[in-house]
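Here is the structure we will look at.
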Amino acid sequence: MNTSIELPSGKILNITRFIALIPNNNNIDSDYQLILEGYPHPINLEPSDAQNLKIILQSQPDQNTPVSSHKSTWNQQEQLQKNQKAMAILAQQIQEYQNISDEESRERQEIFENLKKRMDAERPQGQKLYSEV
């Protein structure tokens, strides 16, 4: 499925980021504002762009429709087979972590606490990741 579309005005959008298309009531021309995920400001659209976008969105499957109703090419058994090596490595790491000594566990905890302090020391007030101060 192509997720990038070109509108009549030449604007190119990634419709997977679509949130809303809102009529701009402040404008007599009945332009629209497009809201995209991760974009800080609405994008002003001309009526022709808005109409084109509406048609495209109506032809796309609903994002809220359960995956089972979509025709999927994903094969669970095939994916599990592909992931066997990664799952084996993960299982080995889990086993190793379960068998570490209390002393090594405390050392790792100290290292992590020091890392958190250093990270927060570099961040401005109000943007700390691990502390309130």
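The values are calculated or read from the model by the stated rules, or taken from the named source; none is laboratory data. All of these numbers come straight from a predicted model, not from anything done at the bench. When we count neighbours, we look across all protein chains shown, and the Cβ atoms used for this are built from the backbone with ideal geometry, even at glycine. Note: accessible area is taken over every heavy atom of the protein model, side chains too, but ligands, DNA and RNA are not part of it. Shrake-Rupley method; radii C 1.70, N 1.55, O 1.52, S 1.80 Å.
So the values come out like this:
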quantity	calculated
Qualifying residue in region 104-111 (condition: of a type in the set (D, E, K, R), at pLDDT 90 or above and either open to solvent by less than 80 Å² (accessible area, probe 1.4 Å) or within 30 Å of the chain's Cα centre (by Cα) (or both))	yes
Neighbours by Cβ (under 8 Å, 6+ apart or cross-chain): first from region 69-85, of a type in the set (Lys, Arg); second at pLDDT 85 or above	none
Flag for GLN63 being closer than 30 Å to PRO8 by Cα and at pLDDT below 90	yes
Residue list for region 68-80, filter: loosely packed, with under 10 Cβ neighbours inside 10 Å and not charged (D, E, K, R)	SER68, SER69, SER72, THR73, TRP74, GLN76, GLN77, GLN79
Failed condition for ILE94, given (1) closer than 30 Å to GLU132 by Cα; (2) hydrophobic (A, V, I, L, M, F, W, C); (3) open to solvent by less than 90 Å² (accessible area, probe 1.4 Å)	(1)
